[in-house]
Amino acid sequence: MPALDARELIVGVTGSIAAYKAVYLVRELTRAGARITVCLTANARHFVGPLTFRTLTGRPVLEDLFDPASDAAVEHVALAERADAMVVAPATANLLAKAAHGIADDALTTLLLAARCPVLLAPAMDGGMWHHPAVAANVALLRQRGVTVLEPESGALASGLTGTGRLPEVDVIVEALAGLVAPARDLAGDHVLVTAGPTREAIDPVRYITNRSSGKMGYRIAEAARRRGADVTLVSGPTTIAPPSGLRFVAVESAEEMRTAVLAHLDQATVVIKAAAVADYRAKEVATAKIKGKRELTLELTPNPDILAEVAARKTGAFIVGFAAETHDVARHAREKLEAKGVDLLVANDISQPGIGFDAEDNEVLFVDRWGGAQVLPRTSKAAVADAILTQVLRLRAAARRGVRP
Ligand code: CTP
């Protein structure tokens, strides 16, 4: 992830049950190449210990400003001034209150006052607390001052209740942080056309055929491309993800609609990334009225157009990236698909493995390119995979333009 590579970050952790998720956050940021100093509040230590963070970051953990044995404590002001960004995750209601009012009664709140870099707060608390007028006022004050305060997510809370107060997903925090740290604008001048999500093929007015694609991978690619300066068009099948801001968003349902939208934007595109899981088949005839009865039913299917192959065949000069979801012999099928569809780069994932690919937070992919190259990207977040794909595109395209083998 170039946006965070070699960046100096401070990660503050406060005393919420969600503190354990900070371990995953720090791991993700470390994998993205960031250099991290973790600062724990006294209450955070009830939930997670400094050794975990010290092991992950390879650096001392800052806990107490008055610890003479700690170098980090002595140079805390320099540390805060040097940081490219500071994030507190989870941030309790108490931390938000102290940050809003400039209280500096421990190491973390002192760092927050000394910081000259962008600050991101990822709250986690009980639902009732998040909606308390005092918390809302503190959040408003912090936002007015330019601090980024993420919205907590809704769902089951540690209290056993359901409400808004869950720590945002690690992916969301990483993406927000990457957006705050001045990003590499290496895609400025490019128009990136991305497809995402499943397609939905009607059977009758109430039923359809679809697949398990969540759209996460394609959305992360579109966001990363936008952050890196590209003009982005995202053509998306039905998903539950909110349309990202700062890009052209085209909502479609069926493969036919996706094809029309892609072809309509193809001329401007310099890079096309087809992350969508297009349904291979649609009903030969869509019933105009709801199909009734419990009798046996045979559905006749007809193949959908292969949008990727068609786009590649048009040879518009755009760099074409395809995806392959495979269950076995991934490398062989990926190479075959790359050649059959005539694409420049194929991103293959093994959907038989748990925790990656369809509907998962993470992905592990194999890059196979037209110039004979193959590279494995070990399991990481979809946001990091998105950046790695864009970096591959730039690397391969630059080599092709120079007429050298990548
Ligand atoms: N794709 C497409 N149009 C289709 C089917 C697939 O544009 N009708 C694109 C997908 O967006 C993806 C790539 O083709 O980038 C590979 O999709 P996949 O479903 O893995 O491959 P298929 O072509 O469907 O081949 P198979 O089902 O045999 O694996």
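The values are calculated or read from the model by the stated rules, or taken from the named source; none is laboratory data. Because the structure is predicted, anything quoted here is derived from the model rather than measured. All Cβ positions, even for glycine, are placed from backbone atoms using ideal geometry, and neighbour counts span all protein chains on display. Only protein heavy atoms, including side chains, enter the accessible area calculation; ligands, DNA and RNA are left aside. Shrake-Rupley method; radii C 1.70, N 1.55, O 1.52, S 1.80 Å.
Here are a few things to note about the model shown:
- The H on the amide N of Gly12, modeled in the peptide plane, is under 5 Å from the matching H of Cys39, Val87, Val88, Ala89, each at least 5 residues off or on a different chain.
- Rounded to 0.05, the FRET efficiency of the Glu296 and Arg207 pair, given R0 = 25 Å and the Cβ-Cβ distance, is 0.95.
- Using alpha-carbon coordinates, inclination of helix 170-180 to the longest axis of the chain, degrees: 80
- 1.4 Å probe accessible area per residue over the chain, in Å²: 45
- Our coupling estimate for the stretch 231-246, obtained by passing each phi through the Karplus curve with A = 6.51, B = -1.76, C = 1.60 and θ = phi - 60°, is 8, 10, 10, 10, 9, 10, x, x, 9, 9, 8, 5, x, x, 8, x Hz, Gly and Pro reported as x.
- Each residue of the stretch 381-390 was assigned a 3J(HN,Hα) from its phi angle through the Karplus curve 6.51 cos²θ - 1.76 cosθ + 1.60 (θ = phi - 60°); the sequence is 5, 5, 5, 5, 4, 4, 5, 5, 4, 5 Hz, with glycine and proline shown as x.
- The residues packed around Gly155, meaning those with a beta-carbon under 12 Å from its beta-carbon, carry a net charge of -1 if Lys and Arg are +1 and Asp and Glu are -1.
- The base-10 log of I(q)/I(0) for the chain, evaluated at q = 0.10 Å⁻¹, reads -0.75 [Debye formula, identical scatterers on Cα atoms, solvent excluded].
- Protection proxy ranking, highest mean first, for peptides 56-66, 319-329: 319-329, 56-66, where packing is the per-residue count of other beta-carbon atoms within 10 Å, averaged.
- Low-density loop positions, trypsin sites (Lys or Arg not before Pro), the stretch 204-247 - DSSP coil, at most 13 other Cβ in 10 Å: Arg212
- Pairs from Lys315/Lys341; Lys337/Lys382; Lys274/Lys337; Lys284/Lys315 whose Cα-Cα separation, in the structure shown, is over 20 Å: Lys337/Lys382; Lys284/Lys315
- The phi torsions of the stretch 272-285, fed into the Karplus equation with coefficients 6.51, -1.76 and 1.60 and a -60° offset, translate into couplings of 10, 10, 9, 8, 5, 9, 6, 5, 5, 10, 9, 5, 4, 10 Hz, rounded to whole numbers, with Gly and Pro shown as x.
- Partners for Lys294 among aspartates and glutamates (Cα-Cα distance below 17 Å; same-chain residues under 8 apart left out): Asp204
- All-pairs alpha carbon distance profile, the stretch 191-402, 10 Å steps from 0, percent: 8, 35, 37, 15, 5, 1, 0
- Stretchable slack from Ser245 to Ala309, in nm (0.36 nm times residue separation minus alpha-carbon distance): 20.1 nm
- Amide hydrogen neighbours beyond the local backbone of Val365, cut-off 5 Å, H modeled: Leu377
- Cα centroid separation - the stretch 224-293 against the stretch 336-406, whole Å: 20
- In terms of packing, defined here as the mean over residues of other Cβ atoms within 10 angstrom, the peptides 144-151, 37-44, 8-15, 330-337 line up highest first as 8-15, 37-44, 330-337, 144-151.
- Added length on full extension, which subtracts the Cα-Cα distance from 0.36 nm per residue, Lys284 to Arg401: 37.7 nm
- Of all accessible heavy-atom area on the chain, the percent that carbon and sulfur account for (1.4 Å): 53
- Annotation: amide H-H contacts under 5 Å for Val149 (H modelled 1.01 Å from N, sequence separation of 5 or more, or interchain): Leu121.
- Here the sum of -39500 (n - 2.57) over DSSP H runs of 4 or more residues, divided by the residues of the chain, equals -10000 deg cm²/dmol at 222 nm, to the nearest 500.
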